[in-house]
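Step one of this worksheet: look at the structure below.
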Amino acid sequence: MMAAHELPPSPTGEPAEADIARYIAGTEPIDSLVAGGYLAGDDGDLVTQQFRAPQLRRALTHSVCHAVRPDVNDFYQEDGEPDDEWKQRRARTVRDHCTVCPVRAACAELALRDDDTVGIRGGLVPEELERRLAAESDRVAAARAEDEHAASSQQARIAAAAEVQRLAGQYLGGSVPADKREKNRLAVTKALQRRDELVAAHRRNAGWTEAA
């Protein structure tokens, strides 16, 4: 795997592939990752494992399925369909759609996060998805927990920003008594501090600088 930009020095020498993947996933826009081939193949598996669920879903807007809208039935075995016929049909689906898809690794990773192993996802047939899910159960469980934590943190930041706006518009103004203006000023200051603390924590967790 090659990094999109020069990595910061590693205290242990050459960084592990997971460290490179984490750096790339955290510094490059999804459009650039798609164009650079970072969301397909073995490199794609490593990079997309660093994504949160909203990033995976955003990556799928670059998928072949999103562009050509194939028949969804191509990705599932029909009721009563013989296994040998299904295997031939799914091989064609993988060949025609998945192998040329620039975000197939993101598609497969999202299927693992969603425990969706019924149809073809990211070029992997159900049996392959089930094997990967079993082999990577600890990692996938940790990724799901991180997804939930990230979603909760985002909701907290949104609520904190909304509280600042609510307080700022509630009492401030020339017709408001001075004692209420001072009380509200203190409340706004506290709400701003809370919002800024949440934003700063998010930036630190994401590896962003204070200026980002």
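Calculate, for Asp116 and Arg95, the FRET efficiency according to 1/(1 + (r/R0)^6) with r their C-beta to C-beta distance and R0 25 Å; round to the nearest 0.05. Intermediate results must be reported in sequence, preceding the final value.
Working: r = 21 Å, r/R0 = 0.85.
The pair Asp116/Arg95 has a calculated efficiency of 0.70.
Where does each of Tyr38, Tyr76 land when they are ordered by accessible area, with a 1.4 Å probe and the largest first?
Solvent-accessible surface, decreasing: Tyr76, Tyr38.
Show me, for the stretch 85-98, the HN-Hα J-couplings you get by feeding each phi into the Karplus relation (A = 6.51, B = -1.76, C = 1.60, θ = phi - 60°), rounded to Hz, glycine and proline as x.
5, 5, 5, 5, 5, 6, 4, 5, 5, 4, 5, 7, 10, 7
Any chance you could look up the accessible area of Asp138 with a 1.4 Å probe, heavy atoms only, rounded to 10 Å²?
Asp138 exposes around 130 Å² with every protein chain in place.
Using a 1.4 Å probe on the protein heavy atoms, what percent of the accessible area of the stretch 36-127 belongs to carbon and sulfur? Don't skip to the answer; put the middle values down first.
Values: 2200 of 4600 Å².
Carbon with sulfur: 48 percent of the solvent-accessible area.
Any chance you could run the full-extension gain for Asp42 through Ala142? It's 0.36 nm times the residue separation minus the Cα-Cα distance, nm to one decimal.
Working: separation 100, 0.36 × 100 = 36.00 nm, distance 2.03 nm.
Between Asp42 and Ala142, full extension yields 34.0 nm more.
Can you tell me the equivalent ellipsoid semi-axes for the stretch 42-141? Use √(5λ) from the Cα gyration tensor, largest first, whole Å.
Working: eigenvalues 99, 56, 23 Å².
Result for the stretch 42-141: semi-axes of 22, 17, 11 Å.
What does the accessible area of His66 come to, in Å² to the nearest 10, when a probe of 1.4 Å is used?
90
Whenever you get a sec, line up Arg104, Arg22 from highest to lowest accessible area (probe 1.4 Å, protein heavy atoms).
Values: Arg104 70, Arg22 120 Å².
The ordering from most to least exposed comes out as Arg22, Arg104.
Between the stretch 89-136 and the stretch 25-66, what is the separation of their alpha carbon centroids in Å?
15
Taking the Cβ-Cβ separation of Ala135 and Ala162 as r and a Förster radius of 45 Å, what is the calculated FRET efficiency to the nearest 0.05? Mind showing how you got there, number by number?
Numbers: r = 43 Å, r/R0 = 0.95.
About 0.60, to the nearest 0.05.
The values are calculated or read from the model by the stated rules, or taken from the named source; none is laboratory data. Keep in mind that this is a model prediction, so the values were computed, not measured. Neighbour counts run over all protein chains shown; Cβ positions are idealised from the backbone, glycine included. Ligands, DNA and RNA are excluded from the accessible area calculation, which covers all protein heavy atoms including side chains. Shrake-Rupley method; radii C 1.70, N 1.55, O 1.52, S 1.80 Å.
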